[in-house]
Amino acid sequence: MIDVPIRIPKLVHDMLQSLLRTGKIEYEGKIIDLSPVQTITIKDKVLTFSPPAKVQATIMGVNIKTTLSSITAKDSGVHIEIDNSPVDLELKPQ
């Protein structure tokens, strides 16, 4: 077997390591916990979690602790609609 190293940004590497080791990713005080997720389905640009992933964040001074059922790829970025919350997130490249 030949191992081929691929260089990725350290931030991406650290997030991937955290996800694989703990089932969680934390970034700038926002946490997504995928450890309860049993199935991830990808269809029509939508990543769906079953059961939903747990999310926790403080946005504009409001503490949010809820679930996340799906993530959608859009032309403008990655859209994250947080379940039972008026706040949605849009991930965009810097």
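The values are calculated or read from the model by the stated rules, or taken from the named source; none is laboratory data. Because the structure is a prediction, the values reported are computed rather than measured. A quick note on method: Cβ atoms are made from the backbone with ideal geometry, for glycine too, and the neighbour counts reach across all protein chains shown.
Table for the structure above
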item: Residue in the stretch 75-94 that is surrounded by the fewest Cβ atoms within 10 Å (Cβ to Cβ), counting only those that are among the acidic types (D, E) and either in a strand (DSSP E or B) or over 14 Å from the mean Cα position of the chain (by Cα) (or both); result: D75
item: Test: M15 is hydrophobic (A, V, I, L, M, F, W, C) and surrounded by 14 or more Cβ atoms within 10 Å (Cβ to Cβ); result: yes
item: Hits in the stretch 54-74 - residues which are among the hydrophobic types (A, V, I, L, M, F, W, C) and assigned to a strand (DSSP E or B); result: V55, A57, I59, V62, I64, L68, I71, A73
item: Residue that is modelled with pLDDT of 90 or more and either touching a Lys or Arg at 6+ places or on another chain (Cβ under 6 Å) or not small (G, A, S) (or both), where the choices are V87, V62, V78; result: V78
item: Residue that is surrounded by the fewest Cβ atoms within 10 Å (Cβ to Cβ) [pool: residues in the stretch 18-53 that are among the small types (G, A, S) and assigned to a strand (DSSP E or B)]; result: S50
